[in-house]
Amino acid sequence: MVKKTVLKVDISCHKCRKKLLKAISGLQGVDKIEVDAGKGTISVTGDADPYDIIVRTRKVGKHVELVSVGPPPQPPKEPQKKPEEKKPEAKKDDKKTDSLMMPQFHNPITCPVCQQMHVVYTDPNPGCSIM
């Protein structure tokens, strides 16, 4: 049975979003994933068990709250199309503005969870060495 599961998750950076999508999309029975970073929600549509979705999300290291589980919304019915009226086209300028000519750099801000580094200490002098 197809159902829609809505989860509330902190999606504060691009790296977090990528990890969540990769983890959830690996589940069997997931048909569609919608991410709304503004609201902080993830909507998963398909046959996947909501418990499995929550477990995968927590394995990524995110706190998750279950908002709702239910049937997916019905697709909207298309109204009858009316004949379109032709509108006169406005003249387009062939000149490019300076803002389009400037190089644009993308530097996403990462969240504190993504910036954490794991340090593993090793013993420089192991007890046994053969030379």
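Probe 1.4 Å, all protein chains in place: accessible area of Asp10 in Å², nearest 10?
100 Å²
Any of Lys18/Lys62; Lys3/Lys59; Lys3/Lys62; Lys3/Lys39; Lys8/Lys32 with alpha carbons more than 19 Å apart? Name them for me.
Check vs 19 Å cut-off fails for Lys3/Lys59; Lys3/Lys62; Lys3/Lys39.
Just by accessible area at a 1.4 angstrom probe, what is the order of His63, His14 from largest to smallest?
Sorted descending by solvent-accessible area, the residues read His63, His14.
The values are calculated or read from the model by the stated rules, or taken from the named source; none is laboratory data. Just so it is clear, the structure is predicted and the values come from calculations on it, not from any experiment. Quick note on the areas: whole protein, heavy atoms, side chains included, nothing else; ligands and nucleic acids left out. Shrake-Rupley method; radii C 1.70, N 1.55, O 1.52, S 1.80 Å.
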